[in-house]
Structures are given as C-alpha cells and as structure tokens.
Amino acid sequence: PSTKTRMDFRVMGGFAKANSPEINFDGTLMLKEDWSTSAVFQVGTNMRTDISSKVYFFSGLDYKYLKPTFDVVMGDGSTGDPVKQTMSVLNLTIGLGFKF
C-alpha cells in the first residue's frame with residue numbers, strides 16, 4: 001500500500017471563560033475569585049500518515065492566546081485596579097490510530 005499523508009492548518013477565534021482563583025493565607029481570605037470572558041485566538045496544524053490500511057500515525061500542534069481582565073476584590077471587600085492576565089497554551093499531540 002502507498003503511504004498517504006494529510007495535513008491541515010486552521011486559524012480560529014472565539015470566546016472563553018477564564019478563572020482567577022480565590023487566594024487564602026492561614027485561613028484568611030486574601031483575594032476573592034473572579035471569572036472573566038475574553039476573546040481567544042487559536043492557530044494549529046494536524047498531520048496524519050497512513051502506515052497501513054488499518055493503522056495511522058498522527059500529530060498536532062496548537063497554540064491558544066487570550067488576555068482576560070479580572071476585577072481585584074480583596075477579602076475585606078476593598079477593590080484594586082483591574083488586572084489583565086496574558087494566557088498562552090501550546091499543545092502537542094502525537095500517537096497511533098487504529099481503524100476498525
């Protein structure tokens with residue numbers, strides 16, 4: 001059988017919810033939890049190579065970027081300036097697949 005390799009490339013955008021966790025120190029609430037919705041940008045590529053008619057090798061690489069803004073609320077209720085947090089994720093996937 002001939003070897004077949006397929007690749008794809010994608011650019012996507014959307015929205016995601018991100019969480020700034022609650023922070024406690026010695027049983028005292030220092031910073032309250034906050035959730036934020038942010039635009040997200042993702043680029044990625046996948047490759048699939050047939051090894052035989054029933055087995056294939058696959059790999060993928062994805063990069064995600066978002067920059068949510070969180071409200072800063074201290075444990076005593078006082079507030080600070082909102083904080084922008086840059087979040088980047090790089091995901092690598094490799095493996096073998098089986099066709100049934």
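The values are calculated or read from the model by the stated rules, or taken from the named source; none is laboratory data. Computed from a predicted model, the values in this text were never measured in an experiment. Methodologically, a virtual Cβ is constructed for each residue, glycine included, from the backbone with ideal geometry; neighbour enumeration extends over all protein chains shown. These accessible areas exclude ligands, DNA and RNA; they are computed on the full protein's heavy atoms, side chains included. Shrake-Rupley method; radii C 1.70, N 1.55, O 1.52, S 1.80 Å.
Which residue out of 71, 76 is without any contact (Cβ under 8 Å) to a residue 24 or more places away in the chain, in contact with a strand residue (DSSP E or B) (Cβ under 9 Å, 6 or more places away or on another chain) and not polar (S, T, N, Q)?
Result of the check over 71, 76: 76.
Out of everything in the range 60-82 that is over 17 Å from the mean Cα position of the chain (by Cα) and not in a loop (DSSP other than H, G, I, E, B), what residue ends up being surrounded by the most Cβ atoms within 10 Å (Cβ to Cβ)?
Checking each candidate, the answer is 70.
Taking the range 27-47, which residues are modelled with pLDDT of 95 or more, open to solvent by 50 Å² or more (accessible area, probe 1.4 Å) and either farther than 30 Å from residue 78 by Cα or assigned to a loop (DSSP other than H, G, I, E, B) (or both)?
Passing the criteria: 41, 46, 47.
Sort through 72, 43 and tell me the only one that's aliphatic (A, V, I, L, M) and in contact with an Asp or Glu (Cβ under 7 Å, 6 or more places away or on another chain).
The match here is 72.
Taking residue 15 and the conditions (1) surrounded by 10 or more Cβ atoms within 10 Å (Cβ to Cβ); (2) under 14 Å from the mean Cα position of the chain (by Cα), which numbered condition does it fall short on, given that it satisfies the others?
Here residue 15 clears every test but (1).
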